[in-house]
1. Just reorder Met1, Met105 by solvent-accessible area, largest first, 1.4 Å probe, all chains present.
2. Counting only pairs 8 or more places apart or on different chains, how many lysine pairs in the chain have C-alpha atoms closer than 18 Å?
3. Counting only protein heavy atoms and using a 1.4 Å probe, what share of the accessible area of segment 15-160 belongs to carbon plus sulfur, as a whole percent?
4. In Å, what is the Rg of the alpha-carbon atoms in the chain, and how long is Dmax?
5. How much accessible area per residue does the chain have, in Å², with a 1.4 Å probe?
6. Enter the Cα centre distance for the pair segment 62-86 and segment 1-60, rounded to the nearest angstrom.
7. Using a 1.4 Å probe, how large is the accessible area of Ile60, given in Å² and rounded to the nearest 10?
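The values are calculated or read from the model by the stated rules, or taken from the named source; none is laboratory data. Source: prediction; values computed, not measured. Just the protein is used for accessible areas: all its heavy atoms, side chains included, with ligands, DNA and RNA removed. Shrake-Rupley method; radii C 1.70, N 1.55, O 1.52, S 1.80 Å.
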Amino acid sequence: MSKIQKIWEHPLYQEHYLRIQELEKERRLCCHTLEHFLAVARLTYIYVLEEGLEVSRRIIYAAGLLHDIGKDLQYTQGIPHEEASARIAEKILRDCGFAADESEMILDLILTHRKKKKAQKARLNELFYKADKGSRNCLICPAIAECNWSIEKKNMRIRY
């Protein structure tokens with residue numbers, strides 16, 4: 001079984017994922033579903049390929065699956081979800097057999113996905129941030145008026 005499939009099937013992952021789905025079942029704004037997680041991974045991978053960066057697809061998909069997995073703890077305990085997600089991801093990555101250097105890179109992407117990072121690995125972080133924001137289809141969202149994203153941040157046109 002692939003390490004990505006192991007993440008999905010991990011009991012801790014499923015526990016948090018199902019809790020997020022329950023907490024967001026009445027939410028009209030962007031939800032944190034498998035579709036969002038995979039869209040972030042796929043967009044990041046496309047951006048990485050287009051720029052010729054050498055980053056493992058496994059690292060990108062692991063970060064995509066895990067970057068918002070702590071959202072339930074933000075809703076219920078007020079913990080910023082990037083911090084909660086990193087804490088949860090650390091155990092899952094270890095259990096799924098990721099090497100220390102892979103885990104470090106994945107955790108860095110999770111911890112910085114809400115802001116553009118200017119550091120040694122900045123380009124990958126910027127692409128992951130761009131994919132996270134770009135994965136949202138604001139131009140067809142029925143709750144756009146309720147959204148607190150600025151008009152500049154909202155995806156109001158098809159980008160390619």
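1. Greatest to least solvent exposure: Met1, Met105.
2. 24
3. The nonpolar share, carbon plus sulfur, comes to 51 percent.
4. Cα-based Rg and Dmax for the chain come out at 15.3, 44 Å.
5. Per residue, the chain has 56 Å² of solvent-accessible surface.
6. A separation of 12 Å, based on Cα centres.
7. Roll a 1.4 Å probe over it and Ile60 shows about 0 Å².
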